[in-house]
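> My structure is below; once you've seen it, I'll send some questions.
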Amino acid sequence: MLQPGQIHQGSGARRVTMEEVNPTNKGKKLAHPASFAPRIFADTADLDEIKPLMEGGIINGVTTNPSLMKRAGATSWDGAMKMMKEIVKYMAPYPVSLELTELTPEKMIKQAKVLAGIGPNVVVKVPTGGYQAIDKNLDPFTGLKVINALWRNDIKVNATLIFNTTQAFWAANAGASYVSPFLGRLADYMYKHDHVEREPGNSLNFLEDHKAPAGGPERTANSAYVASGGARRDSGVRLINEIVSVFNNYRIKTEVLAASFRNAVQLSECLLAGADILTVPASLLMGVADHPLTNEGMVAFVEDSKVFEK
Ligand code: G3P
């Protein structure tokens, strides 16, 4: 697990430059003790999962993507639009990220305007890169161009599918309000592919293990660069800490939205690492108040308190 001593000390200072999540109302004597807490979003498109989390005061935002929409039952664009509208309306005024499905700048900007028109709390999710993996004729800078165009149009963007610090930096530089590093997928990948006898993170060293892609070694080095200096299971959360540190260095206000959680340990690690927002699957959020020893303790307290019953 990432140790507190390994955390960039500036992340606390960064938090107090961000918007207050729990502001104290005027006239209250008791100030809210967690005014600069990170925001917690639910990573789901299922309203039945979202509602109890909102009612419990656990979340103040939602993130969706095409896979989550499909999992929640959308089988067409019309169905997806209906689903997105319902979530946006229910969550208002809290932010809801809705992802673009078009792949060329003109169509993406048009679609972004439609999504942003659903409500003022919509954040448009734009894949940062990967366009040439779909079609080698697509512009590799499609995502960055769209992010910049949307910023110019006053539309908030969540730059998604981020796996290294450079992607996060360029997305912020293009004007993204949020960046979404997928820490769980990164940790999964490294755990599966790293050669244990080598330095952690070696599976991303494409120069050594794979044929260098077109573009030459410089490009390879850039794509391989990722925070991975520690144990393989830490690689995802190290990425969060690295992005937070870079944003802190340059007073970048883009919020670091840690995504793709697998377990509660990663939640704690992201809090240590200074993430601004954690977007978490509903199944993980439902368990945040519990612990096996808490359960055991409760059973004992309730049992002993029976002697006070009249
Ligand atoms: O918000 C991004 C997230 O949905 C990705 O999660 O579990 O598909 O890696 P996962």
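The values are calculated or read from the model by the stated rules, or taken from the named source; none is laboratory data. The structure displayed is predicted, hence computed values, not measured ones. Glycine also receives a Cβ, built like all others from the backbone with ideal geometry; neighbour counts cover every protein chain displayed. Remember, those area values only see protein heavy atoms, side chains included, never the ligands or the DNA or RNA. Shrake-Rupley method; radii C 1.70, N 1.55, O 1.52, S 1.80 Å.
> How far is the Cα center of segment 23-65 from the Cα center of segment 257-274, in Å?
Between the Cα centres of segment 23-65 and segment 257-274 lies a distance of 16 Å.
> Taking the highest mean first, how do the peptides 130-140, 275-285 order by number of other beta carbon atoms within 10 angstrom per residue?
On the way: 130-140: 12.2, 275-285: 21.7.
Output ranking for 130-140, 275-285: 275-285, 130-140.
> Could you give the length gained by full extension between M81 and H195, i.e. 0.36 nm per residue of separation minus their alpha carbon distance, to one decimal place? Before the final figure, lay out each step's value.
On the way: separation 114, 0.36 × 114 = 41.04 nm, distance 4.38 nm.
Contour length minus Cα-Cα distance gives 36.7 nm.
> Taking the Cα-to-Cβ direction at A289 and at T17 and moving 7 Å from each Cα, how far apart do the two end points lie in nm?
In this crude label model, A289 to T17 measures out at 3.6 nm.
> I'd like to check one number: the per residue accessible area of segment 270-310, probe 1.4 Å, reported in Å² as a whole number. Write out the running numbers ahead of the final one.
Values: 2840 Å² over 41 residues.
Solvent-accessible surface per residue comes out at 69 Å².
> Mind ranking Y178, Y189, Y250 by accessible surface for me, highest first, 1.4 Å probe? Let's see the in-between values first.
Numbers: Y178 10, Y189 80, Y250 155 Å².
These residues rank, largest area first, as Y250, Y189, Y178.
> Report the full-extension gain for the segment K107 to R152: residue separation times 0.36 nm, less the Cα-Cα distance, to one decimal in nm.
Details: separation 45, 0.36 × 45 = 16.20 nm, distance 1.64 nm.
Taking 0.36 nm per residue and subtracting the Cα distance, the gain is 14.6 nm.
> Any chance you could look up the accessible area of W151 with a 1.4 Å probe, heavy atoms only, rounded to 10 Å²?
Near enough 140 Å² of accessible area.
> Quick one: pull the percent of accessible area on segment 4-304 belonging to carbon and sulfur, 1.4 Å probe, ligands and nucleic acids left out.
Roughly 56 percent of what the probe reaches on segment 4-304 is carbon or sulfur.
> So for segment 119-158, what percent of the C-alpha to C-alpha distances run longer than 17 Å?
Here the tail beyond 17 Å accounts for 35 percent of pairs.
> Related question: Can you give the alpha-carbon Rg of segment 4-304 over 2.2 N^0.38 Å, where N counts its residues? Numbers along the way, then the final one.
Working: Rg = 20.1 Å, N = 301, 2.2 N^0.38 = 19.2 Å.
Taking the Cα Rg and dividing by 2.2 N^0.38 Å, one obtains 1.04.
> Can you report the principal axis dimensions of segment 242-310 using only the alpha carbons, biggest first, rounded to whole angstrom?
Over segment 242-310, Cα extents along the principal axes are 63, 21, 17 Å.
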